[in-house]
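Engineer: Take a look at this one; I'll ask things after.
What follows is calculated from the coordinates using simple rules that are stated; it is not laboratory data. The shown structure was predicted, so the numbers you read here are calculated from the model rather than taken from an experiment. Reconstructed Cβ throughout: ideal geometry from the backbone, glycine too, with neighbour counts over all protein chains shown.
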Amino acid sequence: MSLAARRRLLDVMDGKTLSPPPVWLMRQAGRYLPEYRATRAEAGSFLDLCYNPALATEVTLQPIRRYGFDAAILFSDILVIPDALSRHVRFEEGHGPRLDPIDVAGIAALDPEGVMAHLAPVLETVARIRSALPPETALLGFCGAPWTVATYMIAGQGTPDQAPARLFAYREPEAFARLLALLADISADYLVAQIDAGADAVQIFDSWAGVLGPEEFSAFAIEPVRRMIASVRARRPQAKIIAFAKGAGLLLKDYRRLTRADVVGLDWTVPLDFARELQEEGAVQGNLDPMRVVAGGQALDEGVDRILEALGSGPLIFNLGHGITPQADPAHVTRLVERVRGGRNA
Ligand code: CP3
């Protein structure tokens, strides 16, 4: 790769400190952008959009064109895996995702055969995005962590506290362990396929890690992700991996050490002095409260400045602490990117 085409995000993943830090936002392709809403309307259902390589490529590129982020993230969803496992995933307007809730018999009947064929359009999307992206823009693939995907499979929908999955894990430990192991193995194959199709790095989203007690965090969040990362690296030793365990707090030190992720993602509740300690062992990504992007103005500027001051002298990928929300003003994102890139007096 020529010097000009250096992908800055990958340098940070190797532990380098860059000033200004590379920046991208979780859910950067989404409903806050009018151009996304237009393509989404053209696609039909949300899953139709995920499985349409031309349109999924288009929405992936939209925020890159507008903001010039340092990374694009594949447009898809963590629930394509349960969809590929025939759990009948659908997204109902105003309700979020719905799936057929799984039970012990359903887990015993899960069949990984055919999953990769079902996901072929997503892999084609990865290849198309890579060839359309500017050479200096990194491409991130992703999947859900087994725990977070399992919470949706068990409840059949999103819930505020994942009580159905926590209860199932206590009542049916063997079936639950089988579900996590199966999701870990399929997800590892899926990440390897994304890397082979052109992803420069991958992110594992454990959005519901924060509802777990410490023992359960070890068994349900750390262990399956450790298994996935080991499986990916056994086949692709150079694979670069970001792991985002939302709500993990103090457990993030163990999480990084035991999963061996290159980068840990931080939500906005992680104190910045603790984030600095984490940075001593490798890069961190985060962690602006998405509500500061909605608020804009001084709340946005102060939040950006605080992160840059605390974490800018170590390996940092600037991001939000969770996905950008539909009510964010696209102009506030312009301001965020300018500020991260040194436009403090702008
Ligand atoms: O970050 C990106 O721009 C890439 C695309 C992406 C989506 N979902 C698109 C999406 C990514 C990385 C995800 C991950 C995802 N999906 C997670 C983990 C990250 C997180 O936010 O916690 C989870 C838990 C899901 C499951 C999911 N998908 C839910 C709960 C919902 C409904 C809530 C909502 O925001 O509407 C979705 C739908 C979804 N996934 C949308 C988008 C753009 C909105 C659907 C639409 O456009 O109609």
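Engineer: With θ taken as phi - 60° and the coefficients 6.51, -1.76 and 1.60, list the Karplus ³J(HN,Hα) couplings across the stretch 164-181 in order, rounded to whole Hz; mark glycine and proline as x.
Structural biologist: Along the stretch 164-181, the couplings run x, 6, 5, 5, 4, 4, 6, 7, 10, x, 6, 4, 5, 4, 4, 4, 5, 5 Hz.
Engineer: Select from 52, 319, 287 the residue whose mean-square fluctuation is largest in a Gaussian network model of the chain (Cα-Cα springs shorter than 10 Å).
Structural biologist: In the Gaussian network model the winner is 52.
Engineer: Can I ask one more? Percent relative contact order of the stretch 101-252, based on C-alpha pairs within less than 8 angstrom and at least six residues apart? Walk me through the numbers before you get to the answer.
Structural biologist: Values: 193 pairs, mean separation 45.6, N = 152.
So the answer I get is 30 percent.
Engineer: Follow-up. How big is the stretch 3-345 by the Kirkwood estimate over distinct Cα pairs, in Å? Provide the component values of the computation, followed by the final result.
Structural biologist: Details: mean 1/r = 0.0497 Å⁻¹.
About 20.1 Å for the stretch 3-345.
Engineer: Note down the relative contact order for the chain as a percent, whole number, built from C-alpha pairs under 8 angstrom at least six residues apart. Numbers along the way, then the final one.
Structural biologist: Working: 628 pairs, mean separation 73.4, N = 346.
Relative contact order, the chain: 21 percent.
Engineer: Could you state the number of Å between the C-alpha centres of the stretch 201-253 and the stretch 4-25?
Structural biologist: 22 Å
Engineer: Specify the longest stretch of the chain that does not include any exposed loop site, a site being one of the GluC sites (Glu not before Pro) with a non-H, G, I, E, B DSSP assignment and at most 10 other Cβ atoms within 10 Å.
Structural biologist: Segment 114-279 is the longest.
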